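Encoded as structure tokens, the structure appears first; notes follow it.
The values are calculated or read from the model by the stated rules, or taken from the named source; none is laboratory data. Just so we're clear, the structure is a prediction, and the values are computed from it rather than from any experiment. Reconstructed Cβ throughout: ideal geometry from the backbone, glycine too, with neighbour counts over all protein chains shown. We work out accessible area using only protein heavy atoms, side chains counted, and drop any ligands, DNA or RNA first. Shrake-Rupley method; radii C 1.70, N 1.55, O 1.52, S 1.80 Å.
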Amino acid sequence: MTSSRRAAVASTPATAPAAPAKRDRTHYLYIAVIIAVVLGIGVGFAAPDFAKELKPIGAGFVNLIKMMISPIIFCTIVLGVGSVRKAAKVGKVGGLALGYFIAMSFVALAIGLVVGNIIHPGSGMHLTEAVKGVGHEQAKAAAEGPVDFLLGIIPTTFVSAFTEGVVLQTLLVALLVGFALQAMGRSGEPILRGVEHIQKLVFRILGMIMWAAPVGAFGAMAAVVGETGVDALKALGTIMAGFYITCLLFVVIVLGTLTKLVAKVNLFQLLRYLGREFLLIISTSSSESALPRLIAKMEHLGVGRPVVGITVPTGYSFNLDGTMIYLTMASLFIADAMDQPMSIGQQIGLLLFMMVASKGAAGVSGSGIAVLASGLQSHKPALVDGVGLIIGIDRFMSEARAVTNFAGNAVATLLIGTWTGEVDKERVDRVLAGELPFDEKTLLDDAESDVPVEVPEQGGEKELAKA
């Protein structure tokens, strides 16, 4: 899919009769989510024991969202890759994405190192016997080595990629199907149309699930507050404040500058466009709950399907800016708290090791704390006992991790789309200005429902035909 196709699609509705506008009632849903979050916090403080019992409610809602991730990724990638005749374009997108992800990981680590060495977040803390041993348990939960990680990308069967819920396995299968449809040419067009109808179905189901968001947000927030308690928040307020400030600086300064210079887009407009997704992440403490909506919204924004389909799922495994900052701050916090400060050389070596290890832990529940524990155990075992100090507030820090990771992936998708010429800039401006509102009911644009196929012309040029 090219940007010229996007421009053509954007201009089509201007000549067609305007359909009567349907009133968007979904804003009531997100008002209800905000109320549910406030109520959850209140219940967590007032009745912590009861609040802990509400944890399955939040987990159930997140699991409903996760249920839809694999089919949505599959449909998006198959439609994007299968409708593009040049396979090299897909390889270019993937190469740019991985190169960008690695570069941003280094930037996030550097920012975390600078802030951590300025504020020394662990000073004044005291390690007790109660927290020893917790880190060793977390280290056991970490992902296996890089070889096992790479082999784990290959699903056991073609269907198990969808049933096991591993994003990278779904990505691999979808790419294979997309390339196969490319090779089939016009005989593959009926299959593309079938996948397109399946995509409409799964997005409609996702829209239905979203109406359970207030209940899920209430249960998740109540459980987190009930488990953490106000005492832990007060005692560990320094590391939390430092981490939140560092994430904010990274998003505003680094991502904001890149967005403005490369894509010519105001970052705050983009973040406002994704406001409902950020609310969903904060209320559920899970960035995965917003992954399907990020795919739909970035397509609606004007980024080509191949770019969205490859960058977003891959970014959820490899573009972990918030996690990089977390590993930096947490490592320095533990070293200071245990009166074992590390030299700059030791810090850099440890964090480079963790950057590699974090890629293998992608998709693991609680992967941030697991990677932290396993990295310390492998690189500086004496610090593993200190992981227990940060367990209490890890869930609150995971929200900042998730929000930062989500913002980084949204920006990455826009940047890579710009570099590959797969962004309709006129449409981006119109969407961010509110002229082309996102359809919260279907999560898809009807004007883009036809499958585009590039058909060679006699003059060597190509035109876009609809299957």
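Taken one residue at a time, the phi angles of the range 29-46 give Karplus couplings (6.51, -1.76, 1.60, θ = phi - 60°) of 4, 7, 5, 5, 5, 4, 4, 5, 5, 4, 5, x, 5, x, 5, x, 7, 6 Hz. Gly and Pro are set to x. Taking all protein chains together and a 1.4 Å probe, the residues Asp321, Asp339, Asp429 rank Asp339, Asp429, Asp321 from largest to smallest accessible area. Inter-part distance, the range 156-218 to the range 369-421, computed on C-alpha centroids, equals 27 Å.
The mean sequence separation of alpha-carbon pairs under 8 Å and at least six residues apart, normalised by the residue count of the range 181-325, gives a relative contact order of 20 percent.
Can you check what the net charge comes to around Val403, using other residues whose Cβ is under 12 Å from the Cβ of Val403 (Lys, Arg +1; Asp, Glu -1)? So the environment of Val403 carries a net charge of -2. The listed peptides 68-76, 346-354, ordered by packing as a protection proxy, come out as 68-76, 346-354 (highest mean of other Cβ atoms within 10 Å first). Here the Karplus relation 6.51 cos²θ - 1.76 cosθ + 1.60, evaluated at θ = phi - 60°, turns the backbone of the range 258-264 into coupling constants of 4, 4, 6, 6, 8, 8, 6 Hz, with x for every Gly and Pro.
Surface composition of the range 174-296: carbon and sulfur make up 72 percent of the accessible area, probe 1.4 Å.
Here the Karplus curve 6.51 cos²θ - 1.76 cosθ + 1.60, taken at θ = phi - 60°, turns the phi angles of the range 247-257 into couplings of 4, 4, 4, 4, 5, 6, 7, 6, 5, x, 5 Hz, with x standing for Gly and Pro.
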